[in-house]
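Only one structure is covered here, and it is reproduced in the block below.
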Amino acid sequence: MPRKARKKSRNGVYHIILRGINKQIIFEEDDDKRRFLETLGRFKKQCNIKLYGYCLMDNHVHLLVKEVEVTISEFIKRICSSYVYWYNMKYDRCGHLFQDRFKSEVVETRAYFFTVLRYIHQNPLKAGLAGNVFDSKWTSIGEYLYQSTIVDTKFVLSLFSEDREQAVQLITSYMNETNDDICMEELMRVRLSDHDVIEYLRTLGITNNSTMQQMSKGERDTVLTMLMKLNGVSIRQISRITGFSKSVVQRASDRG
């Protein structure tokens, strides 16, 4: 079946999501995120693309962009090709890193433009990775509040106010508002690493599998239920880490 053609934005503005293939991690460490932002800035300039917002999560990226000369498809292709080449060299791997087809939606009204920008900046907050919208260093919010490096902040700030100081105050207030914004799709779950789960178990006083094996059924099920409530874990992962079968984990979760 042929792919459905992308909807063309009348004003050239799009919200884009780049996701790791099979939702896998695309940034192993902060240096990878820095490299991606360098690549993003380089091709933004080469392709004459306007960049209004970004958010880098461990397994996906949000961008708010406007195409001017080069299409967003060509722009994204160049970014991904460059980053994946570098990433594969660094980690001695080969093959694809991103899903073949990135997601995009048109952003054609001022109201929805603001909604998408806030949604992007609040991604880490809603995923439980930041205490507030200003905590994450891997979104573009800092470029609006302090100094711009790769984001075209002047245009966006002018939509709030022609006075920069007032515009910064207004965008700060707007980005901090509680909301139920849903853009393109539900917020993707952040995958916790095995190390993160093990560290969480240690905070509960569980340093190894034998500790859990010696617990009563009720105590064990309480711990398994607490693990299932963590954002970004799976039954398979918990089973692998704790040594209990997936059916045991599932039953504990159902009872919890």
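Please verify whether Val168 is modelled with pLDDT under 85 and in a helix (DSSP H, G or I), treating the condition exactly as stated.
Numbers: modelled with pLDDT under 85: no; in a helix (DSSP H, G or I): yes.
So Val168 does not fit the description; no.
Please go through segment 224-239 and give me each residue that is buried (at least 20 other Cβ atoms within 10 Å of the Cβ) and either free of Cβ contacts under 8 Å to residues at least 40 places away in the same chain or on the phi > 0 side of the Ramachandran plot (or both), ordered by number.
Passing the criteria: Leu224, Leu227.
Of everything in segment 45-55 that's within 23 Å of Met184 (Cα to Cα) and open to solvent by less than 60 Å² (accessible area, probe 1.4 Å), which residue is nearest to the chain's Cα centre (by Cα)?
Of the residues in segment 45-55, the ones within 23 Å of Met184 (Cα to Cα) are 49-55.
Among the residues that remain, those that are also open to solvent by less than 60 Å² (accessible area, probe 1.4 Å) are: 49, 51-55.
Numbers: Ile49: 21, Leu51: 17, Tyr52: 16, Gly53: 13, Tyr54: 9, Cys55: 6 Å.
Among those that are within 23 Å of Met184 (Cα to Cα) and open to solvent by less than 60 Å² (accessible area, probe 1.4 Å), it is Cys55.
Evaluate segment 168-182: report whether one residue or more is out of contact with any Leu (no Cβ under 9 Å at 6 or more places or on another chain), open to solvent by less than 20 Å² (accessible area, probe 1.4 Å) and closer than 16 Å to Gly53 by Cβ.
Checking segment 168-182: not a single residue is out of contact with any Leu (no Cβ under 9 Å at 6 or more places or on another chain), open to solvent by less than 20 Å² (accessible area, probe 1.4 Å) and closer than 16 Å to Gly53 by Cβ.
Residue-by-condition table, conditions (1) assigned to a helix (DSSP H, G or I); (2) surrounded by 13 or more Cβ atoms within 10 Å (Cβ to Cβ):
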| site | (1), (2) |
| --- | --- |
| Thr207 | no, no |
| Met212 | yes, yes |
| Arg220 | yes, yes |
| Ile241 | yes, yes |
| Ser247 | yes, no |
| Ala252 | yes, yes |
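For Arg34, which of the numbered conditions (1) out of contact with any Phe, Trp or Tyr (no Cβ under 6 Å at 6 or more places or on another chain); (2) touching a residue at least 40 places away in the same chain (Cβ under 8 Å); (3) surrounded by fewer than 19 Cβ atoms within 10 Å (Cβ to Cβ) fails to hold?
Going through (1) out of contact with any Phe, Trp or Tyr (no Cβ under 6 Å at 6 or more places or on another chain); (2) touching a residue at least 40 places away in the same chain (Cβ under 8 Å); (3) surrounded by fewer than 19 Cβ atoms within 10 Å (Cβ to Cβ) one by one, Arg34 breaks only (2).
Kindly list the number of the only condition in (1) open to solvent by 70 Å² or more (accessible area, probe 1.4 Å); (2) closer than 28 Å to Asp196 by Cα; (3) out of contact with any Asp or Glu (no Cβ under 8 Å at 6 or more places or on another chain) that fails for Asp58.
Here Asp58 meets the rest and fails (1).
What about Arg101, is it assigned to a helix (DSSP H, G or I), open to solvent by 10 Å² or more (accessible area, probe 1.4 Å) and touching a residue at least 24 places away in the same chain (Cβ under 8 Å)?
Numbers: assigned to a helix (DSSP H, G or I): no; open to solvent by 10 Å² or more (accessible area, probe 1.4 Å): yes; touching a residue at least 24 places away in the same chain (Cβ under 8 Å): yes.
For Arg101, the condition - assigned to a helix (DSSP H, G or I), open to solvent by 10 Å² or more (accessible area, probe 1.4 Å) and touching a residue at least 24 places away in the same chain (Cβ under 8 Å) - is not met.
Is one or more of the residues making up segment 79-93 farther than 23 Å from Asp30 by Cβ and open to solvent by 20 Å² or more (accessible area, probe 1.4 Å)? Show your work before the answer.
If we filter segment 79-93 for residues that are farther than 23 Å from Asp30 by Cβ, which is where we start, we get none.
Scanning segment 79-93, I find no residue that is farther than 23 Å from Asp30 by Cβ and open to solvent by 20 Å² or more (accessible area, probe 1.4 Å), so the answer is no.
When segment 104-149 is examined, which residues are found to be small (Gly, Ala, Ser) and either open to solvent by 20 Å² or more (accessible area, probe 1.4 Å) or over 30 Å from Arg10 (Cβ atoms) (or both)?
Let us first name the residues in segment 104-149 that are small (Gly, Ala, Ser), namely 104, 111, 127-128, 130-131, 136, 140, 142, 148.
Ser104, Ala111, Ala127, Gly128, Ala130, Gly131, Ser136, Gly142, Ser148 - these are the residues of segment 104-149 that are small (Gly, Ala, Ser) and either open to solvent by 20 Å² or more (accessible area, probe 1.4 Å) or over 30 Å from Arg10 (Cβ atoms) (or both).
Can you name the strands (runs of 3 or more DSSP E) wholly within segment 1-68 that have at least 2 residues being at pLDDT 90 or above, under 16 Å from Arg101 (Cβ atoms) and of a type in the set (Val, Ile, Thr)? Spell out the reasoning first.
Details: elements: 13-19, 50-56, 60-66.
By residue number, 13-19.
Going through segment 82-98 one residue at a time, which ones are over 18 Å from the mean Cα position of the chain (by Cα) and not in a helix (DSSP H, G or I)?
Tyr91, Asp92, Arg93, Cys94, Gly95, His96
Just the residues that are of a type in the set (D, E, K, R) and within 28 Å of Gln24 (Cα to Cα), please, taken from segment 206-256.
First pass over segment 206-256, keeping only residues of a type in the set (D, E, K, R): 217, 219-221, 229, 236, 240, 246, 251, 254-255.
Selection gives Lys229, Arg236, Arg240, Lys246, Arg251, Asp254.
The values are calculated or read from the model by the stated rules, or taken from the named source; none is laboratory data. Computed from a predicted structure; not experimentally measured. Virtual Cβ from ideal backbone geometry, glycine too; neighbours counted across all protein chains shown. Keep in mind that these areas ignore ligands, DNA and RNA; they rest on the heavy atoms of the full protein, side chains included. Shrake-Rupley method; radii C 1.70, N 1.55, O 1.52, S 1.80 Å.
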